[in-house]
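Here the structure comes first, spelled out in structure tokens, and everything after it is commentary.
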Amino acid sequence: METDKKLDVYYHGRLVGTLAETPDKRIAFQYSTEWQKTGFSISPFSLPLRNDVFIPNERSIDRFDGLFGVFADSLPDSWGGLLLDRYLQSIEINRGDITTLDRLAYIGKSGMGALEYLPSKEADYDLDNIGLDYDVIAKECENLMSARYSDQLDMLYKLGGSSGGTRPKVNIKEDNKEWIVKFPAKTDPDISGRREYDYSLCAKDCGIVMTETGLIPSSVCAGYFKTVRFDRVQGEKIFTITFAALLEADFRSPCCDYETYLKMVRVLTKDNDSDKKQMFKTMCFNVLTHNRDDHTKNFSFLYTDMNGWRLAPAYDLTYSDTYWGEQTTSVGGKGKDITKKDLIKLGVGAGLSASYCEECYLEIAEKTVMLKPYLTNS
Ligand SMILES: Nc1ncnc2c1ncn2[C@@H]1O[C@H](COP(=O)(O)OP(=O)(O)OP(=O)(O)O)[C@@H](O)[C@H]1O
Ligand SMILES: [Mg+2]
């Protein structure tokens, strides 16, 4: 089989640069001449805007399939990856026979965020007017997860093959908006959709910015959580990058502290006050509501020419455990037994006033009491 050794990266129809495989399977990147003059750095810490051939370090091979994090963000995670593998099998291609660049080419223009990869090998599917029964989709997702087989593989791949995260998902259009609908993972209880929805309402009530969320009714569980995509606004693709990608960090391991996150927000957003507050509030919310899976892929930045770098709305806020019983992202070095004092110290260290942090913490502590039933019964 012919495999790709080079691939072009586009943003809004403009050539950002070219990816090429090195002999040891790392994927080098160079910005195009035009982009160097008129574009922006797509990953400011590791890909500054200059005329260089950038080669990711050796750790990228395990971490990001040999890619810089910003391109690995375009590849699906475990759920979308399973679908992509099954799709490839259905067209008689073995996972082992294709390169990372091939996988990006299969994502083509359908990846999360705004980057597109050409020449694309994307399947040409028509997603409009497809009738969706969410209970059927949930059942098919379950089949695929447990028996690794589904009659509806084509549909699942069409709708979710490029999605991030562990849980099954579909990307849909409804009411002129683009949504992600999430389905339970094998280990999730029946209430998980309802719970994530309640968490989102509570987070918004605490002043945390999230996109519109909703709950799709179901006859087999307490409903499916849905959220409007912040990387698709009125048909335009918005550039996004996860914290994991920016830091070239392994999102599977607990490697970061909220202190780093707050610093990153200050540096990238030029100390934008509302983004800093959003980060502080999200940290308090996660600690107070037992959202321990607060890994580096559960936070992102957006970039637009008009607003520059801004913190993305919060997402994946729900009850979650880690097997080691601590937050994945620590607070001043602590993964558990985190106190109000610990949280406030980080906020003050990031330049917020002690009185703001105190008030904000108390408000979130009071408002998140409504989530208590989930904390005791989960
Ligand atoms: N509202 C949104 N707009 C755009 N992208 C989103 C949105 N919500 C989530 N995402 C992207 O989809 C990915 C998966 O979503 P999410 O984290 O909610 O799923 P998950 O399967 O529960 O994740 P995890 O593996 O962390 O448990 C996120 O990492 C993020 O990149
Ligand atoms: Mg997530």
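The values are calculated or read from the model by the stated rules, or taken from the named source; none is laboratory data. Note that this is a predicted model, so its numbers are computed, not measured. Reconstructed Cβ throughout: ideal geometry from the backbone, glycine too, with neighbour counts over all protein chains shown.
Inside segment 49-64, can you point out the residues that are over 22 Å from Gly81 (Cβ atoms) and touching a strand residue (DSSP E or B) at 6+ places or on another chain (Cβ under 9 Å)?
Hits for segment 49-64 are Leu49, Arg50, Asn51, Asp52, Val53, Phe54, Ile55.
Looking only at segment 152-191, which residues are away from ligand 2 (no atom under 16 Å from the Cβ) and in contact with an Asp or Glu (Cβ under 7 Å, 6 or more places away or on another chain)?
Correct list: Gln152, Leu156.
Looking only at segment 171-188, decide whether some residue is within 12 Å of ligand 1 (Cβ to nearest atom) and small (Gly, Ala, Ser).
Yes, the conditions are met somewhere in segment 171-188.
I'd like the residue in segment 192-227 that is β-branched (Val, Ile, Thr) and within 16 Å of ligand 2 (Cβ to nearest atom) and, out of all such residues, is farthest from Leu132 (Cα to Cα).
Ile208
Please work out which one of (1) touching a helix residue (DSSP H, G or I) at 6+ places or on another chain (Cβ under 8 Å); (2) more than 15 Å from ligand 2 (Cβ to nearest atom) is the condition Ala244 fails and give its number.
Checking Ala244 against (1) touching a helix residue (DSSP H, G or I) at 6+ places or on another chain (Cβ under 8 Å); (2) more than 15 Å from ligand 2 (Cβ to nearest atom), the one that fails is (2).
Starting from residues that are charged (D, E, K, R) and surrounded by fewer than 16 Cβ atoms within 10 Å (Cβ to Cβ), keep the ones in segment 140-151 and report whichever is farthest from ligand 2 (Cβ to nearest atom). If you could, list the steps in order and put the result at the bottom.
Initial filter on segment 140-151 (charged (D, E, K, R)): 140, 142, 148, 151.
When the remaining residues are screened for being surrounded by fewer than 16 Cβ atoms within 10 Å (Cβ to Cβ), the result is 148, 151.
Values: Arg148: 22, Asp151: 28 Å.
Only one residue fits best here, namely Asp151.
Among the numbered conditions (1) buried (at least 21 other Cβ atoms within 10 Å of the Cβ); (2) touching a helix residue (DSSP H, G or I) at 6+ places or on another chain (Cβ under 8 Å); (3) within 30 Å of His12 (Cβ to Cβ), tell me where Ala123 comes up short.
(1)
Look through segment 271-319, keep the residues that are under 11 Å from the mean Cα position of the chain (by Cα) and among the charged types (D, E, K, R), and return whichever of them is farthest from ligand 2 (Cβ to nearest atom).
Out of the qualifying residues, it is Lys297.
Suppose we filter Arg14, Arg26 for residues that are closer than 28 Å to Asn307 by Cα, modelled with pLDDT of 90 or more and in contact with a Ser or Thr (Cβ under 9 Å, 6 or more places away or on another chain); which single one remains? First the steps, then the outcome.
Numbers: Arg26 fails: closer than 28 Å to Asn307 by Cα.
Sole residue among the options that is closer than 28 Å to Asn307 by Cα, modelled with pLDDT of 90 or more and in contact with a Ser or Thr (Cβ under 9 Å, 6 or more places away or on another chain): Arg14.
In segment 263-378, which helices (runs of 4 or more DSSP H) lie fully inside it and hold 3 or more residues that are buried (at least 20 other Cβ atoms within 10 Å of the Cβ) and either aromatic (Phe, Trp, Tyr) or not assigned by TED's automatic domain parsing to the domain that holds Asp205 (or both)?
Because the criterion is at least 3 residues that are buried (at least 20 other Cβ atoms within 10 Å of the Cβ) and either aromatic (Phe, Trp, Tyr) or not assigned by TED's automatic domain parsing to the domain that holds Asp205 (or both), the helices (runs of 4 or more DSSP H) in segment 263-378 that meet it are 273-288, 340-349, 354-367.
May I ask you to list the residues in segment 323-378 that are in contact with a Gly (Cβ under 7 Å, 6 or more places away or on another chain) and not polar (S, T, N, Q)?
Glu326, Lys336, Asp342, Lys345, Leu346, Cys357
Checking Gln36 against (1) assigned to a helix (DSSP H, G or I); (2) modelled with pLDDT under 95: exactly one of these is not met. Which one?
Of the numbered conditions (1) assigned to a helix (DSSP H, G or I); (2) modelled with pLDDT under 95, the odd one out for Gln36 is (2).
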